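Just below is one structure, and these are the notes that go with it.
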Amino acid sequence: MNTALKVAVFASGLALAFGAAYGVGHAVGSTPAPAADRAHRAHGATAAPEEHGGGHEEHPVGGLQISDRGYTLSLDRPVVPAAGPTELSFRVLAPDGKPLTAYQPAHEKELHLIIASRDLTDFQHVHPVRAADGTWSVPATIAKAGDYRVFADFVPAAGTESLTLGADLHASGDYRPAALPQTGRSVTVDGYTVTLAGDLTAGRAGRLAFTVSKDGRPVDDLDPYLAAYGHLVVLRAGDLGYLHVHPDGEPGDGVTEPGPEVDFTATAPSAGEYRLFLDFQHAGAVHTAAFTLTAGGDAPAAPEAPAPAPSESAHHH
């Protein structure tokens, strides 16, 4: 093999190696986002597709990793008893290995904690209390035995981008997993009827509109809850990939009405089934409406029509 050919083959190998590394970085979410995108996502927004194209998984999905960007979620007890009250305690370890004690508040809280069963039939959104040494704790009731995922959603004081770390929690006992609930577009919870309009589409932002009513009348006096009229957590069936989006507008902005409709903009990272959990507050009580929604893929672009072949006369002027 001559020298020129050897150089060409070596360069080609480097390109393939760096391309593979870049793809893996996107798959695990370790490639840093641009600064503008980081600041945007820190406020719960969904990032737009990158201009260079690529798979739908480029949309941020949290909670699949116990460690990310040097931060680690550490549960004090990964195994708890089922069917009774328990105390969950945990720490977020900073890149230096010490418990993190400085956070940026987001929607009135330093940290939002989500507990979801692996079969997506049980969901809790709770707000633990942090001790001075960085240990968080919260009372919780794990209703049934099985496997759960715990998500910690927070922004470190030293950072500009939100993090969602996930860890497995096991509830001992007789485990009987349930099938994914099929809900349709309207569900009833605590006497409220919530109706969903809109769709999730892989790789494309879409509008999800939830309308709240009670006793046949629209609820137009929702309470502000954590600086919004509603909070939406979306979990992907199968791996519990986590999306946390916030509604369009906020209380007191002079535009957003306190119901009956609460709107969100969300992007599914891939096609498939998702569970949507909407938290809203009315008359001083928080309620959670759960939906199952199937996200479709982007419709393929229509092929361009071939240009008409030139006529024979065009060649013989």
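The values are calculated or read from the model by the stated rules, or taken from the named source; none is laboratory data. Just so it is clear, the structure is predicted and the values come from calculations on it, not from any experiment. Using ideal geometry, Cβ is built from the backbone for each residue, glycine included, and neighbour counts are taken over all protein chains shown. The accessibility values were calculated without ligands, DNA or RNA, using every heavy atom of the protein model including side chains. Shrake-Rupley method; radii C 1.70, N 1.55, O 1.52, S 1.80 Å.
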Measuring from label point to label point, each 7 Å out along Cα→Cβ, what is the Ala283 to Ala83 span in nm? 3.3
Amide proton proximity set for Asp248, modelled H, under 5 Å, gap of 5+: Asp263, Phe264, Thr265
A correct Kirkwood calculation over the Cα atoms of region 139-187 returns a hydrodynamic radius in Å of 14.1
Pulled fully out, how much extra length does the chain show between Val129 and Ser74, if you take 0.36 nm times their separation in residues and subtract their Cα-Cα distance? 18.3 nm
Gain in length, Asp174 to Ser186, computed as 0.36 nm per residue apart minus the alpha-carbon separation, to one decimal in nm? 1.1 nm
So what are the ³J(HN,Hα) numbers for region 134-145, from phi and the Karplus equation (6.51, -1.76, 1.60; θ = phi - 60°), rounded to whole Hz, Gly and Pro as x? x, 7, 9, 8, 7, x, 8, 10, 8, 5, 9, 5
How high is the FRET efficiency from Gln104 to Val255, r the C-beta distance, R0 30 Å, rounded to 0.05? 0.75
Let's test this: bin the Cα-Cα distances of region 85-163 at 5 Å from zero up to the farthest pair and state each bin's percent. 3, 14, 25, 24, 17, 11, 6, 1
Could you work out the Rg to Rh ratio of region 195-275, with Rh taken as the Kirkwood radius (inverse of the mean 1/r over all Cα pairs)? 1.00
Student exercise, region 134-215 dipole from Lys, Arg, Asp, Glu Cβ charges, in Debye to nearest 20: 240
Under 5 Å from the placed amide H of Thr183, counting only residues 5+ away or on other chains, we find Thr292
Estimated vicinal HN-Hα couplings, Hz - region 68-74 in sequence order (Karplus 6.51, -1.76, 1.60; Gly, Pro = x): 7, 6, x, 9, 10, 8, 10
Amide H to amide H under 5 Å from Ala295: which residues, 5+ apart in sequence or cross-chain, H placed 1.01 Å off N in plane? Gly272, Glu273, Tyr274
Backbone HN-Hα couplings from phi across region 246-257 [Karplus 6.51/-1.76/1.60, Hz, Gly and Pro as x]: 10, x, 6, x, 8, x, x, 7, x, 10, 7, 7
Dipole of region 176-239, positive end: most advanced residue of Thr188, Ser213, Tyr229 [Cβ charges, Cα centre]: Thr188
Give the carbon-plus-sulfur fraction of the accessible surface of region 204-256 in %, rounded to a whole number; probe 1.4 Å, heavy atoms of protein chains only. 45
